[in-house]
């Protein structure tokens, strides 16, 4: 029950954080094409590796992506993103920066007339904002699914432990039953042993009498 509550709480926190994102923020930032306008998305409770993998999975359906290690940047050439540019391709650049428990995504979008910004046109800016927002939804779902996967694995581990405990309990009961049967068997053997000892005692006493009789005969021989 605690694990379920934890998962629901995490989902609630992520959803609240996401809905507060709303319209993307923008900033000027250095990238491979100089200092350009970027849209910003910040996501908490994620790791750099998870975030980068999530972006690679998300962007691959829009076009071929390459990584520029010098700027730690992902470049998708001629991406087909209708929300940004209905009439042609858009070059997408993404930088992913981890700081503590928060990952910041910097999206640069060049739709042919320079990098998208509010100043250059609200239509394309809103489209880029929506594109980034949709990625945020995808990422947060992936985060919750990852947490759910871990909680299910914990549940499976507990189920395995339960099976082991049941098997141990059954084994102990079997050993107790076998031990009781052995005790009962040995009690019967003890009773028989006592009878056998009594018979042996009588046999010894009888044999001693026989020996006395033989010795008496021996003493009578002159």
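FYI, it's all coordinate maths here, none of it is from the lab. Note that this is a predicted model, so its numbers are computed, not measured. Cβ placement follows ideal geometry from the backbone for every residue including glycine, while neighbour counts extend to all protein chains displayed.
Nearest 10 degrees is fine. How inclined is helix 2-19 to the longest principal axis of the chain, computing both from alpha carbons? Compared with the principal axis, the helix lies near 0 degrees. In the chain, helical runs assigned H by DSSP with n ≥ 4 each contribute -39500 (n - 2.57); averaged across all residues and rounded to the nearest 500, the mean residue ellipticity at 222 nm is -21500 deg cm²/dmol. Relative to the dominant Cα principal axis of the chain, helix 48-59 is inclined by about 60°.
For the stretch 167-222 versus the stretch 116-150, the inter-centroid distance based on Cα atoms is 89 Å.
With axes computed from alpha carbons, what is the tilt in degrees of helix 122-220 against the longest principal axis of the chain, rounded to the nearest 10 within 0 to 90? With both axes taken from Cα atoms, the answer is about 10 degrees. As a proxy for reagent exposure, ranking 62, 133 by other Cβ atoms within 10 Å from fewest up yields 62, 133. As a proxy for reagent exposure, 47, 103, 177 were ordered by neighbouring Cβ count within 10 angstrom, fewest first; the result is 177, 47, 103.
Simple spin-label estimate for residue 207 and residue 159 gives 6.9 nm between the two label positions (7 Å along the Cα-to-Cβ direction from each Cα). The chain has equivalent-ellipsoid semi-axes of 92, 18, 13 Å, by the square roots of 5 times the alpha carbon gyration tensor eigenvalues, sorted largest first. With viscosity 0.692 mPa s and temperature 37 °C, the Kirkwood radius over alpha carbon pairs of the stretch 114-222 converts through Stokes-Einstein to a diffusion coefficient of 138 µm²/s.
Fully extending the segment from residue 166 to residue 123 would add 9.1 nm, taking 0.36 nm per residue of separation and subtracting the current Cα-Cα distance. What the Cβ-Cβ distance of residue 219 and residue 194 gives, at R0 = 25 Å and to the nearest 0.05, is a FRET efficiency of 0.10.
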